[in-house]
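J.: Take a look at this one; I'll ask things after.
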Amino acid sequence: MSYRLGLVCEEKSKAGRIFWVIAGLVGLMAILGMPGRAAAQENPYIVAYDHYMEEPGSLDVEYFSTFGTQRGGNDFHAFWMEFEYGATAWWTTEFYLDGQTTFHDSTLFTGFRWENRFRPLKHEHFINPVVYIEYENTSGADKILKEIEGHDVEADNGDPNSEARHDHDHELEFKLLLSSTHKGWNFVENTIATKNLSNDPWEFGYAIGASRPLRLKATPTRCNFCRENVIAGVELYGGLGDRHSFGLKDTSHYLAPVMAVNLPSDWTLRLSAGWGLNDQSHKFLLRWGVSREFAGFGDLVGKMFGGRN
Amino acid sequence: MALLGLSAALLMVSVGQARPEKDFTGNEMAKAPEKWKARTNPLEHDPEAVTAGQKLFGMHCAECHGQNAEGTHRAPTMRSSDVQEATPGAIFWVLTNGIVWHGMPVWSKLPEPMRWQLVAYVKSLGLTSKDLH
């Protein structure tokens, strides 16, 4: 028994170490500064998506945290890394690594996701659609709550890690992202449909949001925390049941003011405080994130593999 | 694990994809609808517009178009006759809509006044000596 426990602990700490080694390498890359610079104009949303793609050839490395309160269990801190790459001006691909710490329990690596977003239209329109396809391979202990779908409720996250980690989710997730920009405001509406690759029914969810920079005109001088660099907004997201029981019954919903600061040094800081809107929701989700854009990443990799200039 | 491998392979393919083509700007300016071409820059007489536009250009555009807008292997110069002879409205239209199939992203995520500041800066550059002759 103690031998088995020892193995589990070793496995857990190994997973945690892998996550932090990757995070450390990314941090090192960021500090050393890869070539090229392009200050991002990132939106403040953490769950919702707008229609803007990553700039072609740029790699955006992002770290996010979610602190969540948990009734009937221990509070948790879930975290994930995103590697978002602009393959073309109409295709963005993104790889995620997820993990979590449940207080008074353990720290786990909980899986990975691979996301692709495609922009089908050539020009800007009043409403701009983007097609989103994601594959998820995560364990039942995953708590990043990057999207809420189906009958996802707070009680799902109350199990101890030792039990939850034995469940596995292989899911395909589809989203239709609709986004409009008008007079500095951005409005987004995302519809989510998810199919677990086991025999579970289709699940549905939504995310909507609105945001605006605090100042629409740029000042002539470089500044960090001036109003033009700050985008504030709000997002609302939740589940819509599944194919057999579509609707709001036994679903969770959140309302979250969001804010992003786009620093001229290519770093973006994000903060979101989310409140659960019903008894099925976590009472409070505090999320924050930091990201850095590496312009010219595609060129750099191309050169490493002897590609074109 | 196989999926992870597939993801990595596709990511490598996508890295090779991210290469904007070069000579498209002039054509795109010409494609701007007449209504857009006719628009004048509301910040034309704003004394700070060019400086602010230069700052924005350095932050968002210089990576591809070069620090002095002289062009790079990724995107063309902004000092060519195609650009300098285009109306402010046409430049604003290209900036807003991007040239998505040729690698230039849409920049409508920058608020309208910032896009006009960029237009003011681009128009202030003038032609290169090569284009003058």
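J.: Inspect the range A:284-303 for any residue being farther than 19 Å from A:Ile46 by Cα and either aromatic (Phe, Trp, Tyr) or assigned to a strand (DSSP E or B) (or both) and give the result as yes or no. Write out each step before concluding.
T.: Within the range A:284-303, the first condition is being farther than 19 Å from A:Ile46 by Cα, and the residues that meet it are A:294-303.
Now drop any that are not either aromatic (Phe, Trp, Tyr) or assigned to a strand (DSSP E or B) (or both), which leaves A:294, A:297.
The answer is yes, given that some residue of the range A:284-303 is farther than 19 Å from A:Ile46 by Cα and either aromatic (Phe, Trp, Tyr) or assigned to a strand (DSSP E or B) (or both).
J.: Further question: Can you say whether B:Trp107 is under 26 Å from A:His51 (Cβ atoms), assigned to a loop (DSSP other than H, G, I, E, B) and of a type in the set (Phe, Trp, Tyr), as far as the supplied structure shows? Talk me through it step by step, then tell me what you get.
T.: Values: under 26 Å from A:His51 (Cβ atoms): yes; assigned to a loop (DSSP other than H, G, I, E, B): yes; of a type in the set (Phe, Trp, Tyr): yes.
When the stated conditions are applied, B:Trp107 passes them.
J.: While we're on this one: Which of the residues that make up the range A:272-296 are in contact with a Gly (Cβ under 6 Å, 6 or more places away or on another chain) and either within 14 Å of chain B (Cβ to nearest Cβ) or free of Cβ contacts under 8 Å to residues at least 24 places away in the same chain (or both)?
T.: Start the filter on the range A:272-296 by keeping residues that are in contact with a Gly (Cβ under 6 Å, 6 or more places away or on another chain), which leaves A:282-283, A:285, A:295-296.
Scanning the range A:272-296 gives A:Ala295, A:Gly296.
J.: Could you say whether any residue in the range A:146-160 is within 14 Å of chain B (Cβ to nearest Cβ), on the phi < 0 side of the Ramachandran plot and in contact with a Lys or Arg (Cβ under 6 Å, 6 or more places away or on another chain)? Steps first, please.
T.: Filtering the range A:146-160 for residues within 14 Å of chain B (Cβ to nearest Cβ) gives none.
Taking every residue of the range A:146-160 in turn, none turns out to be within 14 Å of chain B (Cβ to nearest Cβ), on the phi < 0 side of the Ramachandran plot and in contact with a Lys or Arg (Cβ under 6 Å, 6 or more places away or on another chain).
J.: Hey, among A:Phe246, A:Phe284, which residue is farther than 30 Å from A:Arg227 by Cα, of a type in the set (Phe, Trp, Tyr) and modelled with pLDDT of 95 or more? Even if it seems obvious, please write down each step before you answer.
T.: On the way: A:Phe284 fails: farther than 30 Å from A:Arg227 by Cα.
From the options A:Phe246, A:Phe284, the qualifying one is A:Phe246.
J.: Among the residues of the range B:46-54, is there at least one that is more than 9 Å from every other protein chain (Cβ to nearest Cβ) and within 13 Å of the chain's Cα centre (by Cα)?
T.: No, the range B:46-54 has no match at all.
J.: Of the residues B:Thr25, B:Thr77, B:Thr87, which single one is surrounded by 16 or more Cβ atoms within 10 Å (Cβ to Cβ), among the polar types (S, T, N, Q), modelled with pLDDT of 95 or more and on the phi < 0 side of the Ramachandran plot? If you could, list the steps in order and put the result at the bottom.
T.: Details: B:Thr25 fails: modelled with pLDDT of 95 or more; B:Thr77 fails: modelled with pLDDT of 95 or more.
Of B:Thr25, B:Thr77, B:Thr87, the one residue that is surrounded by 16 or more Cβ atoms within 10 Å (Cβ to Cβ), among the polar types (S, T, N, Q), modelled with pLDDT of 95 or more and on the phi < 0 side of the Ramachandran plot is B:Thr87.
J.: If you go through the range A:147-163 one residue at a time, do you hit one that is of a type in the set (A, V, I, L, M) and assigned to a strand (DSSP E or B)? Step through it out loud before you land on a result.
T.: First pass over the range A:147-163, keeping only residues of a type in the set (A, V, I, L, M): A:148, A:153, A:155.
From the residues that got through so far, the ones that are assigned to a strand (DSSP E or B) too are none.
No.
J.: Separate question: Would it be correct to say that A:Thr191 is buried (at least 18 other Cβ atoms within 10 Å of the Cβ) and in contact (Cβ under 8 Å) with a residue 12 or more places away in the chain? Talk me through it step by step, then tell me what you get.
T.: On the way: buried (at least 18 other Cβ atoms within 10 Å of the Cβ): no; in contact (Cβ under 8 Å) with a residue 12 or more places away in the chain: yes.
Spelling it out, it is not the case that A:Thr191 is buried (at least 18 other Cβ atoms within 10 Å of the Cβ) and in contact (Cβ under 8 Å) with a residue 12 or more places away in the chain.
J.: Here is a follow-up. Residues of the range B:83-99 being out of contact with any strand residue (DSSP E or B) (no Cβ under 8 Å at 6 or more places or on another chain) and without any contact (Cβ under 8 Å) to a residue 24 or more places away in the chain, which ones?
T.: Once the filter is applied, which keeps residues that are out of contact with any strand residue (DSSP E or B) (no Cβ under 8 Å at 6 or more places or on another chain) and without any contact (Cβ under 8 Å) to a residue 24 or more places away in the chain, the range B:83-99 yields B:Glu85, B:Thr96, B:Asn97.
J.: A further question follows. Look at the range A:223-238 and say how many of its residues are touching a helix residue (DSSP H, G or I) at 6+ places or on another chain (Cβ under 9 Å) and surrounded by fewer than 15 Cβ atoms within 10 Å (Cβ to Cβ). Even if it seems obvious, please write down each step before you answer.
T.: Restricting attention to the range A:223-238, the residues satisfying the condition of being touching a helix residue (DSSP H, G or I) at 6+ places or on another chain (Cβ under 9 Å) are A:223, A:228.
Now narrow it down to the ones that are surrounded by fewer than 15 Cβ atoms within 10 Å (Cβ to Cβ): A:223.
Number satisfying all stated conditions: 1.
J.: If you check A:Thr102, A:Thr93, which single one turns out to be over 18 Å from A:Thr194 (Cα atoms) and more than 9 Å from chain B (Cβ to nearest Cβ)?
T.: On the way: A:Thr93 fails: more than 9 Å from chain B (Cβ to nearest Cβ).
The unique qualifying residue is A:Thr102.
J.: Sticking with this one: Quick one: in the range A:287-305, which of the residues that are at pLDDT 90 or above and surrounded by fewer than 18 Cβ atoms within 10 Å (Cβ to Cβ) is farthest from A:Glu84 (Cα to Cα)?
T.: Filtering the range A:287-305 for residues that are at pLDDT 90 or above and surrounded by fewer than 18 Cβ atoms within 10 Å (Cβ to Cβ), the one farthest from A:Glu84 (Cα to Cα) comes out as A:Trp288.
J.: Then there's this: Being among the charged types (D, E, K, R), out of contact with any helix residue (DSSP H, G or I) (no Cβ under 6 Å at 6 or more places or on another chain), part of a strand (DSSP E or B) and farther than 30 Å from B:His102 by Cβ, is that true of even one residue in the range A:63-84? Spell out the reasoning first.
T.: Just the residues of the range A:63-84 that are among the charged types (D, E, K, R), to begin with: A:71, A:75, A:82, A:84.
Add one more test, that the residue is out of contact with any helix residue (DSSP H, G or I) (no Cβ under 6 Å at 6 or more places or on another chain), and what stays is A:71, A:75, A:82, A:84.
With part of a strand (DSSP E or B) added as a condition, the list becomes A:82, A:84.
Applying the additional criterion that residues be farther than 30 Å from B:His102 by Cβ yields none.
Within the range A:63-84, not a single residue is among the charged types (D, E, K, R), out of contact with any helix residue (DSSP H, G or I) (no Cβ under 6 Å at 6 or more places or on another chain), part of a strand (DSSP E or B) and farther than 30 Å from B:His102 by Cβ.
J.: If we keep just the residues of the range B:97-112 that are facing another protein chain (nearest Cβ under 7 Å) and under 19 Å from B:Ala62 (Cβ atoms), which is modelled with the lowest pLDDT?
T.: Ranking the qualifying residues of the range B:97-112, first place goes to B:Gly103.
J.: For the range A:113-123, give me the residue count where each residue is crowded, with 19+ Cβ neighbours inside 10 Å and either hydrophobic (A, V, I, L, M, F, W, C) or assigned to a loop (DSSP other than H, G, I, E, B) (or both).
T.: First, the residues of the range A:113-123 that are crowded, with 19+ Cβ neighbours inside 10 Å: A:113-115, A:117, A:119.
With either hydrophobic (A, V, I, L, M, F, W, C) or assigned to a loop (DSSP other than H, G, I, E, B) (or both) added as a condition, the list becomes A:114, A:119.
Residues flagged as crowded, with 19+ Cβ neighbours inside 10 Å and either hydrophobic (A, V, I, L, M, F, W, C) or assigned to a loop (DSSP other than H, G, I, E, B) (or both) within the range A:113-123 amount to 2.
J.: Turning to a different aspect of this structure: Just name the residue that is farthest from the other protein chains (Cβ to nearest Cβ) out of those in the range A:190-228 that are within 14 Å of A:Leu263 (Cα to Cα) and not in a loop (DSSP other than H, G, I, E, B).
T.: Step by step, filter the range A:190-228, then rank; the result is A:Arg227.
J.: Across the range B:55-82, what is the number of residues that are in contact (Cβ under 8 Å) with a residue 12 or more places away in the chain, within 14 Å of chain A (Cβ to nearest Cβ) and not in a loop (DSSP other than H, G, I, E, B)?
T.: Matching residues across the range B:55-82 total 6.
J.: Can you tell which of A:Ala87, A:Ala141 is in a strand (DSSP E or B), farther than 18 Å from A:Glu235 by Cβ and among the small types (Gly, Ala, Ser)?
T.: Details: A:Ala141 fails: in a strand (DSSP E or B).
Result: A:Ala87 is the single residue among A:Ala87, A:Ala141 that is in a strand (DSSP E or B), farther than 18 Å from A:Glu235 by Cβ and among the small types (Gly, Ala, Ser).
The values are calculated or read from the model by the stated rules, or taken from the named source; none is laboratory data. These figures come from a predicted structure and were not determined experimentally. Here Cβ is always computed from backbone atoms with ideal geometry, including for glycine, and neighbour counts include all displayed protein chains.
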